[in-house]
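The values are calculated or read from the model by the stated rules, or taken from the named source; none is laboratory data. Computed from a prediction, not measured in an experiment: that's the story for all the values here. Reconstructed Cβ throughout: ideal geometry from the backbone, glycine too, with neighbour counts over all protein chains shown. Please note that ligands, DNA and RNA were not included when accessible areas were found on the heavy atoms of the full protein model with its side chains. Shrake-Rupley method; radii C 1.70, N 1.55, O 1.52, S 1.80 Å.
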Amino acid sequence: MPVLHICAGRARLISMPAPPLRYLIYFVTSRCNLRCAHCFYLDELGPSNELSLPEIERLCRSLGSLSFLRLTGGEPFLRRDLDEVMRLFHTLAGTRRMGVITNGTKRENVRRVLESLKVHAPKLLLDVGVSIDDLGAEHDSIRGRKGVYDEAVGQIEDLLRFQRDWPNLEVSTVVTASGKNTPRLREIYDFLHGLGVNRISCNLVRGYVADQALTNVDLEAYQEFLSWTDEHNRANHHGLGAIVRRAKNHVGREAVKRILEARESGRPLAKFRPFGRKSAASEPCAKTLPEGDGHYLLGADAPIHCQAGRAIAVLQPEGDVNLCEVLDWPLGNLREVDFNWSAIWEGERAEEARAMIDQTGCSCTHECFLTASILFGKEHYPRLAREVARESVATVLRG
């Protein structure tokens, strides 16, 4: 990681070995068969020159060990070779845990992928999450197509049946809390709880969305929904690993609350100097990142030290490596560096990104990044340990 060195009033970056990537969010395709109202990726959807299997193989050989892979899109199950993509990461990068989110409309593709993985990667721990954002016609309205709700529910039922023959499969649901569904979150929870899924999770709507009414979330209802999901998940997940997962989620939720409070306070955003770049004498010594897409430069008040650019990265369908999903900060393209991951991860753009996060306290409400940062950022371990203790007591008391 870069170290900031001050000399004669000037700052410069001293390159240090880059930290290993632990968590990759891979947009395997930008193709999607829906146009959901809350999608922050809407403008990017459509055909693209996706990485081929040989290219993905070269990436996996270059990565080294990767702890966790999150597959998303678009609709990831539109990739006919998705099982082979997952097997490459499992075999060549040693990735034992993966998660994939689906809208539930490609049930035959899902079945075929799972059948393949059960045979060829039986030890893989796989979480398949189905997005359920409301009930019946309200869900269809958010997703932009009639009948999608029934398909998604059918997908969940298919997954629960498949799980009987492959216990390594975890079946979850993902609810995006928005200004449209928060009045019905109790009804949504009761339905999902009754389905018998292993885990219910919730994401707060994020990034720029076309329908800005969706961003007017009832935060009290959102927090209450999270407390109900805790009870469901305690009943369905046991052992230390499950306790740690819930504990990091609790720390992450508190961070979301503090970030939103800082956003509402109207406080000035921090600024950063683009270290390591030559600039004209007329260029200001500091600049502010573009506002409006859900990131907040909170400085020393940042509740979580984000691990984007350290433990976490985002890979786009055509090989672009991004710092994160929320901030427009490209690090490079794999095709342009002959699939040498280190060339990007140890490059100047990545070093500057890490320095920017350190200096500005760049924060967002993206739950995946927050909870992964808690898990992979050692500075958060004391807080995490305290929450593990509390969650252990809560689990025992529940009986």
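When a 1.4 Å probe is rolled over the protein heavy atoms, the share of accessible surface on the chain that falls to carbon and sulfur comes to 51 percent. For the chain, the relative contact order is 18 percent, taking Cα pairs closer than 8 Å that sit 6 or more residues apart in sequence and dividing their mean separation by the residue count.
When the dipole is taken about the Cα centre of the stretch 20-59, and only Lys, Arg (+1) and Asp, Glu (-1) are charged at their Cβ, what size is it in debye, to the nearest 20?
Details: 4 positive and 5 negative charges, 26 e Å.
Using only the charged Cβ atoms, the result is roughly 120 debye.
Among (1) 68, 53, 44; (2) 65, 54, 38; (3) 66, 48, 41, which one is Cα extents along the principal axes in Å computed from these coordinates? It is the one labelled (3).
Applying 0.36 nm per residue to the separation of Lys123 and Arg164 and subtracting their alpha-carbon distance, the gain on full extension is 13.2 nm. In the assembled protein chains, His139 presents an accessible area of approximately 0 Å² (probe radius 1.4 Å). Counting only protein chain heavy atoms and rolling a 1.4 Å probe, the accessible areas of Phe191, Phe369, Phe68 rank, largest first, as Phe191, Phe68, Phe369. Available extension along the chain between Asn216 and Asn49 is 56.5 nm, counting 0.36 nm per residue and deducting the alpha carbon span. Using a cut-off of 27 Å between Cα atoms, the listed pairs Lys180/Lys378; Lys106/Lys257; Lys180/Lys257; Lys118/Lys378 include Lys180/Lys378; Lys106/Lys257; Lys118/Lys378 as exceeding that distance. Between Ser52, Ser227, Ser265, where does the largest GNM mean-square fluctuation fall for the chain, given springs only between Cα atoms within less than 10 Å? Taking springs between Cα atoms under 10 Å, the residue moving most is Ser265.
Put a dot 7 Å past the Cα of Arg80, heading toward its Cβ, do the same for Arg186, and the two dots end up 4.9 nm apart.
Can you give the charge dipole size of the chain about its Cα centre, rounded to the nearest 20 debye, using +1 on the beta carbon of Lys and Arg and -1 on the beta carbon of Asp and Glu? Magnitude of the dipole: close to 1040 debye. Computed with a 1.4 Å probe over protein heavy atoms only, the accessible surface of the chain comes to 45 Å² per residue. Here's how it looks for Leu204: its modeled amide H is under 5 Å from those of Ala177, Glu367, which are all 5 or more places away or on a different chain.
Peptides 372-378, 211-217, 116-122 ordered by packing proxy, namely the average of other Cβ atoms within 10 Å per residue, highest first: 372-378, 116-122, 211-217. With unit charges on the beta carbon (Lys/Arg positive, Asp/Glu negative), name the residue among Gln223, Asn233, Ile243 whose Cα is farthest towards the positive pole of the charge dipole of the stretch 201-252. In the stretch 201-252, that residue is Ile243.
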